[in-house]
Structures are given as structure tokens and as C-alpha cells.
Amino acid sequence: MQNLVILGGGTAGTMIANKLRRRLSDDDWTITVVDRDDEHRYQPGFLFVPFEVYSHDKIVRSRQRSITEGVALVYDEVDRVSPDDDVVHLRSGRTLSYDYLVIATGTTPRPDQTPGMLGPEWRHSIFDFYTLDGAEALATALDSFDHGRLVVHIAEMPIKCPVAPLEFTFLAEAWLRARGLRDRVELAYVTPLDGAFTQPVASARLGHMLEERKVDVVTDFMVESIDPDRKVLVSYDEREVPFDLLVTVPVNMGADFVGRSGLGDELQYVTVDKHTLQHTTYDNVFAVGDASNIPASKAGSVAHFSVEILVRNFLEHVAGRPMTESFDGHANCFVESGDDKALLIDFNYDTEPLPGKYPIPLVGPLSLLEETRANHLGKLAFRHIYWNVLLPGFPVPLPAHMSMAGKRVPHTSTTSKET
Ligand SMILES: Cc1cc2nc3c(=O)[nH]c(=O)nc-3n(C[C@H](O)[C@H](O)[C@H](O)COP(=O)(O)OP(=O)(O)OC[C@H]3O[C@@H](n4cnc5c(N)ncnc54)[C@H](O)[C@@H]3O)c2cc1C
């Protein structure tokens, strides 16, 4: 019998367990998933919680029910992996031996990494929306916020879903306008990047949208600390940004056990080959989703596309054949822009987000880098696709590799490929 152990039963861990269970015989393979609890959270839904669009029951389901029969689910905290002995140590003292290990423990917001963030103002005037309880607390705070300075802030890159803070800003602006409060609230967007986003064409487009909405953009801001008494963000170069209500995305880090086990980099992301997702030292260890150090966006779409590749490679690897599939860093993300509209971006390691149509060239129905109602409806429909198609591991008619079909390359693009 061969043992496959998957650490983390979130988006990537659930998809890969469900897909591999169908492909690996019950007689030859046991598959075990380890996670802390039975609550699978649909994280893209957290964005809408502060604006009371989604409630708890729309975005939380039983983890057990998302995982197919024939996969053992262990509720425990991973404490350490001994990769030289092929053993996982759990917090309870239990150990799990493996022949193959897939690490899918994601990334976690770490407010403890910025001095002053977890001080007396945490959940009073300082909030996050990257956790469900943070998003729920922020909903209450927003409800009574009717004037002052609302600052949306990113502590450090990389973060999961790098467009989510922009989406929050656009939604907050539209929400304040709808409530007749926009003139009473100053909005600021504070980022460590040199623009609204990481890539030139998208950054220019999204930066222009912030400008149109009269959002003050503060760039290259590397936060050193927060002074809770004066309610200011302080940067390493001694700039200060005052706030009345701070919505921050704290430093994101991989799981602590990755660091303790010597499997990761300085942010505790598992070091893997960016095309095969195989660990750089241990041939029987793979990482998928936000937990890995691949230079792609940390996003559910990346988890989905890379799981497709990893499943095919894994089956070749365990059959003793060379792995022939190569992940290209494909990501696509809807960007909510308020007023029931959204943009869509589609990109990979080599190609930045470009304008055009998706998934069918010239037709769409989705538009790249353009605000449309169809994109917004796509974003809302995605929740149903997530629970009913993606998580169970059913095939989705979208290729895992990015396609240039339907994309236009503007002169300003740094993209190496052309349509
Ligand atoms: C506000 C927000 C909006 C987002 N919007 C989008 C979007 O629009 N589109 C998109 O593609 N992506 C979006 N994402 C990102 C997406 O949710 C993640 O990229 C995706 O969930 C990553 O999947 P994962 O399996 O790698 O990690 P997760 O789904 O986070 O799963 C990791 C699992 O590991 C478990 N775990 C961690 N450490 C341990 C341990 N020590 N012991 C046991 N278990 C452990 C956790 O409990 C968790 O269940 C958004 C995220 C947020 C926060």
C-alpha cells in the first residue's frame, strides 16, 4: 500500500484529493488529508461580507462533505514534517508516515508581524477582511462609519489575491456614494508597490480607476509600525499616513511548520520547481496553491490550474516515468469595481494582464481589463462553480495553460509574446 498525505484541506488540498482519489486505485493507495477543523471557507466571499452581500452560511461549508468518499480526513494541526524520515508530526502527538506528501496549507495573514497592529486599536479602528471574523467585525464598524479618513493598506507583498484590496476600495467608494456619505469620507490606498498593481498595463488601468474615484494613492510605502495612539501608519522612510478607519492586509506568510521543517524560504513558502511543483530537495514532496513559492499570483485560479498540472505529473512520477507537464503560472481573477461591474484579468509567468475577450476570442462573453456587468455576474456565479464543480474536482472547460487568443498587446506592454 502507498500512502499519500495531503496537508491542508482548503481549495487546492480538496481539489487534488478528490481528483487523485478517482485516478489512484483504492487497493493500492490510501489518501489522507489533514486540516484543523471542519469549516471550509470560500475566501473570495470575504470581500462581500463587510458590505453585507454575503453572510456566513453562503461561504462556509463542511470540509468533510467537500471531500470525496475514500479519503481519510484527520482534524489536527500540523506541527512538523521530518522529510528525511517521511513522517508528519501532528500537534496531538500522532504521526503519519507517507510515501508522497503534498503541502497545501496556504498562506495566512500575520498581523503580529507589524508592531502596533495588534495593539489596542485592533478590531476597534484597525480591521482586516482576509479572515472571516475580521470581515464580520469590519461589517459592524462600517455600519457606523459616516465620516473621516478610510485607509486601505497592504503591508507587504506577496499577498493572496493581490487585487482584493483594490476591489475593497472600489466597493467601499460605491457603497459610501450609495449611502450619500462619499463627500464626508476621504479615501486613501496605501501600497508598498510603485503603482496600483504589479504589472504595467493593469497598473495603469486600475490606477486610473482609483484616480477617477478620487482615491489618494500612496505608493512605495513600506510600513514599519502603526502608532495606535495617534492612529497613523509609519513607514521605514519616516512618512506617516493618518487614519480614522484602517482596513489593512497584514503580512502574509506560509505555515510555521514549513519553516520549522526546513522546507521553505524566509516567508515559509515551500520551495518548489515553478513548472513541476516538486520540492527542490525532496523528490516525494510537492506543494500546490498559496503554500508554494512559485512566482505566480496567490489565487484560487492558480490553485485550480496548477492542480490540473500536478495531477498529471504526479501520476507519471509514481508510475516511474518523467513528468512531462509544465505549469505556466496561469491566473485569472475578477476585479469587482462597484456599481455591479467588474473587470477580469488573465495572465501567467511571462504575459501580463492584457485587454481583450475571454474565454472565446472576439466573443467573450467576459471582457479583459474592462468594467462590465457580465464580468460582475461571472464573479457572483463563481461561488456556485466553486462549491459544485471545482472543489469536487470535476473538469472545467478552461485550459490550464494561458492562451493569447483574444488578447490585444498594447505598445506599453512588457509582455514577450504577441498574438
Ligand atoms: C478576501 C479574499 C478574496 C479572494 N478572492 C479571490 C478571487 O476572487 N479569485 C481567486 O482566484 N482567489 C481569491 N482569493 C484567494 C484564494 O482564496 C486562495 O488563493 C485559495 O484559497 C488558495 O488555496 P489553498 O488551498 O492554497 O489555501 P487555503 O484555501 O487557504 O487552504 C489552506 C488550508 O490549510 C489549512 N492549514 C494551514 N496550516 C495548517 C496547519 N498547520 N495544520 C493543519 N491545517 C493547516 C487551513 O486551515 C486551510 O484549510 C481570495 C482570498 C481572500 C482572502
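Looking at the range 29-47, can you tell me whether even one residue there is surrounded by 15 or more Cβ atoms within 10 Å (Cβ to Cβ), near the ligand (Cβ under 9 Å from one of its atoms) and aromatic (Phe, Trp, Tyr)?
Checked the range 29-47: at least one residue is surrounded by 15 or more Cβ atoms within 10 Å (Cβ to Cβ), near the ligand (Cβ under 9 Å from one of its atoms) and aromatic (Phe, Trp, Tyr).
Test residue 306 against the criterion of being assigned to a helix (DSSP H, G or I), over 17 Å from residue 162 (Cα atoms) and in the same structural domain as residue 13 (by TED's automatic domain parsing), and give yes or no. Steps first, please.
On the way: assigned to a helix (DSSP H, G or I): yes; over 17 Å from residue 162 (Cα atoms): yes; in the same structural domain as residue 13 (by TED's automatic domain parsing): yes.
Yes: the conditions hold for residue 306.
If you scan the range 65-94, which residues turn out to be more than 12 Å from the ligand (Cβ to nearest atom) and under 16 Å from residue 2 (Cα atoms)?
Step one: filter the range 65-94 for residues more than 12 Å from the ligand (Cβ to nearest atom), giving 65, 68-72, 82-87, 93-94.
Passing the criteria: 70, 71, 72, 85, 86, 87.
Got a number for residues in the range 1-22 being closer than 14 Å to residue 392 by Cβ and either more than 10 Å from the ligand (Cβ to nearest atom) or outside the structural domain of residue 40 (by TED's automatic domain parsing) (or both)?
Matching residues across the range 1-22 total 6.
Any idea which of 80, 61, 91 is closer than 24 Å to residue 396 by Cβ and not hydroxyl-bearing (Ser, Thr, Tyr)?
61
For the range 90-108, give me the residue count where each residue is surrounded by 18 or more Cβ atoms within 10 Å (Cβ to Cβ) and without any contact (Cβ under 8 Å) to a residue 24 or more places away in the chain.
Within the range 90-108, residues that are surrounded by 18 or more Cβ atoms within 10 Å (Cβ to Cβ) and without any contact (Cβ under 8 Å) to a residue 24 or more places away in the chain number 0.
Hey, residue 168 hits all of (1) more than 16 Å from the ligand (Cβ to nearest atom); (2) touching a residue at least 12 places away in the same chain (Cβ under 8 Å); (3) not in a loop (DSSP other than H, G, I, E, B) but one; which does it fall short on?
Every listed condition holds for residue 168 apart from (1).
Scan the range 285-294 for residues that are more than 11 Å from the ligand (Cβ to nearest atom), in contact (Cβ under 8 Å) with a residue 60 or more places away in the chain and part of a loop (DSSP other than H, G, I, E, B) and jot them down.
Across the range 285-294, there are no qualifying residues.
Taking residue 396, is it within 26 Å of residue 62 (Cα to Cα), modelled with pLDDT under 90 and either surrounded by fewer than 18 Cβ atoms within 10 Å (Cβ to Cβ) or not assigned by TED's automatic domain parsing to the domain that holds residue 15 (or both)?
Yes: the conditions hold for residue 396.
The values are calculated or read from the model by the stated rules, or taken from the named source; none is laboratory data. None of these values were measured; they are calculated from a predicted model. Heads up, the Cβs are rebuilt from the backbone with ideal geometry, glycines too, and the neighbour counts pull from every protein chain shown.
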